[in-house]
Each structure stands twice: as C-alpha cells, then as structure tokens.
Amino acid sequence: MEHALRHSSDRRRLLIAGAGLAAGAAAAVYAPYALGQAEAQQTSFTNPVVWQDFADVEVIRVGADFYMTASTMHYSPGAPVLHSRDLVNWEFIGHSVPRLDFGAKYDLSGGRGYVRGIWASTLAYRPSESRYYWLGQIDFARSYMYTATNPAGPWTQHAQLSRAYYDAGMLIDTDNTMYVAYGNTQISVAQLSADGKTEVRNQQVFSTPSNIGTLEGARFYKINGNYYIFLTRPANGQYILKASSPWGPYTLRQVLLDMRGPIAGGGVPHQGGLVSTPGGAWYYMAFVDAYPGGRMPALAPITWTSDGWPQVTTVNGAWGQTYPFPNLTPHPVPPMTGADTFTSAALAAKWEWNHNPDNTKWTTGNGLRLQTATVTNDLYNARNTITHRIPGPTSTATVEIDPSAMANGDRAGLAMLRDASAWIGLRRENGVTRLSMTDGLTMDGSWNTTGTGTERARAELCGTRVWLRVKADIRPGSGRQAVFSYSEDGSNFIPLGPAFTLNSNWTFFMGYRFAVFNHATQALGGAITVRRFEVVTP
C-alpha cells in the first residue's frame, strides 16, 4: 500500500501516463509467415509474452489482427506499433509518433526530455474511415493526436488539443462518436468532435474512494451495450467501472489486488487493457514491473460474470506463468533478437534514438554511419545515440564498429543506458584510438547529470575493426550486472573493466537499453560506421 501510493504520487510528479481503447472491426492485410511443425502444434504460451520493456500497453483488435502500443518517454520515434495474429507472437511494424515534435528539449537543445514525452497513450481504430488514431498528452500541457490508414505508417499529426488528457483511453463508439476517459483519482470523460480535432463536452464521472487511494491508466470500452473504464491502482491493483452511459453513473469493482505475478522477483500485473479474439474469447494484457529491465507485457485469459464483470483466470491464485494458447492459429514472426547489418535504406522499427536525432548526421544502407552530432563530455547530452531494448532474462549485444574516421576527442561505443550508465568503447586522443571501459555516468532524481563517467580500464586497439560486447542480466531485483568485453577478430573476446551493477530503482520508468553512441568532446567532424549489431539470448 505505502509503495503503491508513493509510486502514484511520484508518477504524477515525474510525469507519466496511461492508455485505453475499444476493439475494432475491419481487417488489415499482413502476409503470414510459414508455420513450422512446432508452431502449428503449440498448445500453451509463457509469460511474459514479450520479455522486453513495453510499459502501459494497450492492445486492440482490427479484424483478425492485433496491435499494441506502449510508452517510450524520451525515445524517438515514439509510441511503437507492434502486430500479432495470435496475441503471443509480436513484431515491430512502426511508430505512431514519427518524431517528438513537442519542443526543443526533445532535440537535446536548451534542455532535455528525460522521463517526459510519450507516456501511456491510447490507440483506436475507426471503421467508418478505415483509420487508426493515436492520442497522448505531453508535459501536462496539451494532447496530440496522430492518424494513419496503415498501422505501420506513415503516421501524421492530426490535431493538438488544449486539454492534457492524463492517462487517456479512447473509445470510438458504435455510433462513431469519439470519447476519451482520463484522469488521476478524479476520472473524467471527454467527447471529441466528429473529426477528433476539438473537445465538445467534458464531465467528471467518478471520484476514487479514499480507501483505494489512486486510480489512473484509463482504458475505455463498450462491451455488450455497457461502458467500461478500466483503471489501475499503481502498482498493485486493477479496478473497473461499469455504466449504461459513457457519462455514468459508474459502479466500481475490483479486478485484482496484490496478485502474484508470472516473473520471479517481479511485481503485480496491472494497467494494460482488455481485448477480444474474433471467436469471442477475452484476454487481459497487463505489464509487470521487472526492473532493471523495465515493464514486461503479460497475458491472461478473462471470463465474464453473468452480470457483466471481468475476472482474471488464475493459476493457483496467481497470474499464470503459462496458459493454454489462445484459440487462434499460431503465427510465428521474425524474432526480436538476431543481427542487423544496416543494409536497408531505413532503420528497422525496433530502433529508437535517445531524443530526436539530427538527421543530417547519420545514414544507413551501407552500415549505420554515425557522425558526431554534439560536442559534449556528457553522454546524456549527446545526440544520435541509438538504442535497442534488452531482451530478458539475460542477453548479449555485440556491435562491430569501423572507427577509422574518428577524430581527436571523439567517444564512441556500446552502453548500458539508463540513469546510471556504463560503456565499453573507443577514445580517440592525440591521433590514437584506444579501447576504454567507463562507468559512473549518473543522473539525479530530476534527471540532471551528476557524473560524466570514470574510466575503469583501457586497452590498445591494434586493428581497423573492433567488436564490442555487453552481456546483461536484467532479471528483476538488485545486484544484477552487466559485463563488457571486446574483440579484434570477432571471435575471441577479452573482458575489459569490472562488472557494472545495474540500477533497479523504478523511478526512471524506462528499463535499461543497449545503446550505440558517437559524440565529440572537441569538435565535430568524426564518424564511426556500425557494420553489424547482434542481440542473442541463451
């Protein structure tokens, strides 16, 4: 209780948000992947369904296709769109917010956007237009809406609304009316204009009882003629409101409280949203606090009482580590692990930059060329740092770099990036490029830099290529570590520096990420080329 209330209070102080939505109808077209015999015979699934940091998730269905969105805070592009045909196998297909066009701080210019930006947001489909809508509030100042006719994009900004819909959940009703449920403790409903660009009505519909404390993270549904607002009690409970009108009056019921989760050492599954299959089965996709890795999506079947209330299907009183596979054909997708050699003209959707990149300072197609874009001794101020989520429970990232175009003063490498960071990489000084392992990159609780790093080990670089590696243990709990190593032939790796102990505190919200960076400390002009980036899990 104390942790949950403190968590909620700090969430409001640090800026975070929720999500919401309604199930859709018309189908989107995706080429199916070939089913192997193992996948075709799959009879169960294991939680978390994606052991990567996807927080505040919302899942919708459009025909036979499922789409999921999540918080991305200061990473750009924001609001990823993932696709699935079976609720278990997910792949990146795009982002709803192509660039964080919300002020200079998101360009690391005159400020920084850490723990701001894209919080929990909402995704909806409007069958009358065959159009997708994304809505989220930014900096408690206003809300932004983006739209697309293809969930993979392109997405374009559709509107700016003057009200900040905190933890918004969007419902497109059967009569085509657009509603937004939102708020913290005091829950309100807004009706939008037919084009979704303005608000035409707003009304508070519920006040959270003091014995519950805080409810937020709204999702808004119409199911069997009833209106439901699905709400989280951070970080250990889930509640739901039910009414016969979007304006209430609403009746409250507890869905779960202090339910044991499916990840050893992790938290209670909560937030997220409800979704139905084409056959009428219902599921709840929540997330599980599992720091230092972040918040991991977990799926459970839902049943309904005779009087219209959802109930989580449990296993021995807990959220199951395994459940029967949904009554859907298993649909395998390309894994989120593997190698990227950057031969395409565009970056894969799995990549997100730390803040908006300077697009004049990078190219891809013949490897990923990162020119220095910032002169700074602070990695947290450096533009064009590119990030990759860390698969759990443990995984290893290896990056092959050509450093031949580095300039004096440049720093480049592979980092474990969060509010306490470390890296293995290259320092170019006096015409010589050498290897370095550096830790002690830190932020305070207001996300100001308090440490720019201390070199803990160094080594000579003899060749013209280098492979940098980090093995990360992101199982939930304190004391988890990452270890760094390097190679000059791609096969034999040499440890460098001490193990780095990860920060498992939740207050930065986003989990650790692998990050590739290149910044100047003296003058712009240098560059590196990333030839290959590979992530493997045991």
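In the stretch 157-179, what residues are under 21 Å from the mean Cα position of the chain (by Cα) and open to solvent by 30 Å² or more (accessible area, probe 1.4 Å)?
Residue satisfying the conditions is Gln157 alone.
Note down all Cβ pairs under 8 Å where the first residue falls in the stretch 361-383 and is closer than 16 Å to Ile401 by Cβ, the second is open to solvent by 60 Å² or more (accessible area, probe 1.4 Å) and among the aliphatic types (A, V, I, L, M), and they're at least six residues apart or on different chains.
Close Cβ pairs (under 8 Å, with a partner that is open to solvent by 60 Å² or more (accessible area, probe 1.4 Å) and among the aliphatic types (A, V, I, L, M)) amount to Thr364/Ala345; Thr364/Ala346; Gln371/Leu524; Thr372/Leu524.
Identify the residue in the stretch 396-429 that is surrounded by fewer than 24 Cβ atoms within 10 Å (Cβ to Cβ) and of a type in the set (Ser, Thr, Tyr) and, among all such residues, is nearest to Ser504 (Cα to Cα).
Thr396
For the stretch 299-366, which strands (runs of 3 or more DSSP E) that fit wholly inside it have 1 or more residues that are closer than 22 Å to Ile93 by Cβ? Talk me through it step by step, then tell me what you get.
On the way: elements: 310-312, 322-324, 338-340, 352-354.
Per the criteria, 338-340, 352-354.
How many of the residues making up the stretch 440-456 are part of a strand (DSSP E or B) and open to solvent by 60 Å² or more (accessible area, probe 1.4 Å)? Step through it out loud before you land on a result.
The initial filter retains those residues of the stretch 440-456 that are part of a strand (DSSP E or B), namely 440-443, 449-456.
With the extra rule that they be open to solvent by 60 Å² or more (accessible area, probe 1.4 Å), the set shrinks to 450, 452, 454, 456.
Residues that pass the stated criteria total 4.
Between a first residue in the stretch 438-461 that is under 15 Å from Leu417 (Cα atoms) and a second residue that is among the β-branched types (Val, Ile, Thr) and open to solvent by 60 Å² or more (accessible area, probe 1.4 Å), which pairs have beta carbons less than 8 Å apart while being 6 or more apart in sequence or on different chains?
Here the result reads Thr438/Thr454; Asp439/Thr454; Gly440/Thr452; Gly440/Thr454; Leu441/Thr452; Thr442/Thr450; Met443/Thr450; Asp444/Thr450, each pair linking the stretch 438-461 to a residue that is among the β-branched types (Val, Ile, Thr) and open to solvent by 60 Å² or more (accessible area, probe 1.4 Å).
Could you grab the pairs with beta carbons closer than 6 Å, sequence gap of 6+ or different chains, first residue in the stretch 230-255 and among the small types (Gly, Ala, Ser), second one outside any loop (DSSP other than H, G, I, E, B)?
Matching pairs, first to second residue: Ala235/Ala4; Ala235/His7; Ala235/Asp289; Gly237/Leu257; Ala243/Tyr227; Gly248/Val205.
Looking at Lys361, Lys350, can you tell me which residue is within 23 Å of Ala412 (Cα to Cα), of a type outside the set (A, V, I, L, M), in contact with a Phe, Trp or Tyr (Cβ under 6 Å, 6 or more places away or on another chain) and surrounded by 14 or more Cβ atoms within 10 Å (Cβ to Cβ)? Walk me through it before giving the result.
Details: Lys361 fails: in contact with a Phe, Trp or Tyr (Cβ under 6 Å, 6 or more places away or on another chain).
Exactly one of Lys361, Lys350 is within 23 Å of Ala412 (Cα to Cα), of a type outside the set (A, V, I, L, M), in contact with a Phe, Trp or Tyr (Cβ under 6 Å, 6 or more places away or on another chain) and surrounded by 14 or more Cβ atoms within 10 Å (Cβ to Cβ), namely Lys350.
Scan the stretch 241-271 for residues that are closer than 30 Å to Thr501 by Cα and in a strand (DSSP E or B) and jot them down. It would help to see each step written out before you state the result.
So the first thing to find is which residues in the stretch 241-271 are closer than 30 Å to Thr501 by Cα, and the list is 258-271.
Across the stretch 241-271, the qualifying residues are His270, Gln271.
Of the residues Thr214, Thr198, Thr232, Thr208, which single one is open to solvent by 20 Å² or more (accessible area, probe 1.4 Å) and over 14 Å from Asp173 (Cα atoms)?
Values: Thr214 fails: open to solvent by 20 Å² or more (accessible area, probe 1.4 Å); Thr232 fails: open to solvent by 20 Å² or more (accessible area, probe 1.4 Å); Thr208 fails: open to solvent by 20 Å² or more (accessible area, probe 1.4 Å).
Going through Thr214, Thr198, Thr232, Thr208 in turn, the sole match is Thr198.
Kindly indicate the residue of the stretch 108-142 that is of a type outside the set (A, V, I, L, M), outside any loop (DSSP other than H, G, I, E, B) and under 23 Å from Ser446 (Cα atoms) and also most open to solvent (accessible area, probe 1.4 Å) among those meeting that condition.
Among them, the one singled out is Arg142.
Going residue by residue through the stretch 267-280, is there one that turns out to be open to solvent by less than 10 Å² (accessible area, probe 1.4 Å), in contact (Cβ under 8 Å) with a residue 60 or more places away in the chain, closer than 25 Å to Tyr512 by Cβ and out of contact with any Gly (no Cβ under 7 Å at 6 or more places or on another chain)?
yes
Scan the strands (runs of 3 or more DSSP E) fully inside the stretch 58-97 and keep the ones with 2 or more residues being open to solvent by 10 Å² or more (accessible area, probe 1.4 Å) and within 18 Å of Leu347 (Cα to Cα).
Those strands (runs of 3 or more DSSP E) span 91-97.
Restricting attention to the stretch 491-538, report how many residues are within 21 Å of Arg456 (Cα to Cα), open to solvent by 30 Å² or more (accessible area, probe 1.4 Å) and among the polar types (S, T, N, Q).
Selection size over the stretch 491-538: 3.
The values are calculated or read from the model by the stated rules, or taken from the named source; none is laboratory data. Please read all numbers here as calculations on a predicted model, not as lab measurements. Don't worry about glycine lacking a Cβ; one is built from the backbone with ideal geometry, like all the others, and counts go over all protein chains shown. We work out accessible area using only protein heavy atoms, side chains counted, and drop any ligands, DNA or RNA first. Shrake-Rupley method; radii C 1.70, N 1.55, O 1.52, S 1.80 Å.
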